[in-house]
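Before any comments, here is the structure.
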């Protein structure tokens with residue numbers, strides 16, 4: 001009986017920590033949203049920079065792509081904030 005009680009206790013702790021982890025990952029924390037926005041910007045920046053350095057696009061095209069990407073990311077961010 002003592003072993004069964006310990007197993008239940010361990011299982012309860014595991015379930016509690018899984019639930020806490022799931023809730024924290026799914027929360028609408030503004031800090032996480034800001035980090036996500038910054039990471040999206042950096043990813044797009046480095047993608048465009050790689051194209052520029054490889055010679056696939058000119059500087060003007062890169063600037064235009066960057067502006068379009070920023071607008072798209074900002075629209076997406078505002079859309080998610082509205083939810």
Mind telling me which of the residues 38, 53, 47 ends up being in a helix (DSSP H, G or I), at pLDDT 70 or above and more than 25 Å from residue 75 (Cα to Cα)? 53
Let me spell it out: the conditions are (1) loosely packed, with under 10 Cβ neighbours inside 10 Å; (2) modelled with pLDDT of 85 or more, and residue 74 meets all of them except one. Which number is the exception? (1)
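The values are calculated or read from the model by the stated rules, or taken from the named source; none is laboratory data. This structure is a prediction, so every number in the text was calculated from the model and none was measured. Note that each Cβ is placed from the backbone with ideal geometry, even for glycine, and that neighbours are counted across all protein chains shown.
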